[in-house]
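Some notes on the structure that comes next.
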Amino acid sequence: MEDCQTDTVKAVETLCQIAELPSPRGLKVQLKKVRGVWERWQPHLSSATSTGDADAIRWTRIRAVKGAEFEAVVVALPSKARGGRHVLDDWQNGENTEARRVLYVGVSRAKKLVVLVVSPSGEEQLTSILQSRGVPFEITQTGGAR
């Protein structure tokens, strides 16, 4: 838990610096108990609008944010299942699938910064997709060396 907590705090602080947003106060304390964090953020799941509170972190489902905008958006992509289709495959192959449309809705909500969280196995494919389309990006790794 401590490594996850430390990595999460570092990632959020880095994202806030990149997006020129104030870092949320007390994040490390809030992340001490996963259950407590979930209960604290649960009310935000139904809200897709910004409150103007710089300390607010909104957690929600992508479908709930259609039409809303945020300074920064973090979208975590699931790991690839063996032999299964994945949104990165759809994106790379130019296939118009539901998964790709949902990804578009999520990332298009950002005003300043989009962060795509992928497993180490998806990093190379995502890098290839972004490079082939001329999208500027930066890779940040957490959780130690691979």
Measuring from label point to label point, each 7 Å out along Cα→Cβ, what is the residue 127 to residue 76 span in nm?
2.3
HN-Hα J in Hz across segment 89-105 - Karplus 6.51, -1.76, 1.60, θ = phi - 60°, x for Gly and Pro:
5, 4, 5, 4, 8, x, 8, 8, 10, 4, 4, 5, 5, 5, 4, 4, 4
Once residue 111 and residue 11 are pulled to full extension, the length gained, defined as 0.36 nm per residue separation minus their Cα-Cα distance, is 34.1 nm
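Quick note: the coordinates plus some simple rules give every number you see, no bench work behind them. This one's a predicted model, so the numbers in the text were calculated from it and none came from an experiment. For neighbour counting, all protein chains shown are included, and Cβ atoms are generated from backbone atoms with ideal geometry for every residue, glycine included.
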